[in-house]
Amino acid sequence: MDQKHLFKQIIDFQKATFDNSFNALSTLQEQGETMISTSLNQAEWLPAEGKKVIKEWLDNYKKARSDFKNTVDGNFKKVQEFFDSTKTDA
């Protein structure tokens with residue numbers, strides 16, 4: 001078996017594993033966010049400023065998660081392009 005093909009299969013497997021794991025964790029985090037939002041809506045004792053801080057924290061967390069996913073996807077794309085370009089050179 002060609003080594004380039006083998007490495008490409010390994011990279012494809014790692015990307016699929018990352019995507020599945022990331023999606024599962026994202027689902028859990030979104031459920032946690034829903035629980036927090038529901039609790040905040042019911043927490044009459046918490047001042048509006050406190051609710052605003054927690055909402056900003058959740059928004060920043062979501063943005064960081066999205067940035068992380070985009071970075072990893074971009075790096076996987078670079079690796080895949082490398083293997084695609086070496087495949088045509090051979």
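The values are calculated or read from the model by the stated rules, or taken from the named source; none is laboratory data. None of these values were measured; they are calculated from a predicted model. Using ideal geometry, Cβ is built from the backbone for each residue, glycine included, and neighbour counts are taken over all protein chains shown.
Scan Ser85, Ser21, Ser37 and give me the residue that is part of a helix (DSSP H, G or I), of a type in the set (S, T, N, Q) and at pLDDT 95 or above.
Just one listed residue meets the conditions, Ser21.
Among (1) surrounded by 10 or more Cβ atoms within 10 Å (Cβ to Cβ); (2) more than 24 Å from Ile10 (Cα to Cα), where does Glu44 come up short?
Failing condition for Glu44: (1).
Quickly run through the stretch 40-70 and pick out the residues that are part of a helix (DSSP H, G or I) and either more than 24 Å from the chain's Cα centre (by Cα) or of a type in the set (S, T, N, Q) (or both).
Listed by number, the residues that qualify are Leu40, Asn41, Gln42, Ala48, Glu49, Gly50, Lys51, Lys52, Asn60, Ser66, Asn70.
Here is a list: Lys8, Lys77. Which entry is part of a helix (DSSP H, G or I) and modelled with pLDDT under 90?
Within the list Lys8, Lys77, the selection yields Lys8.
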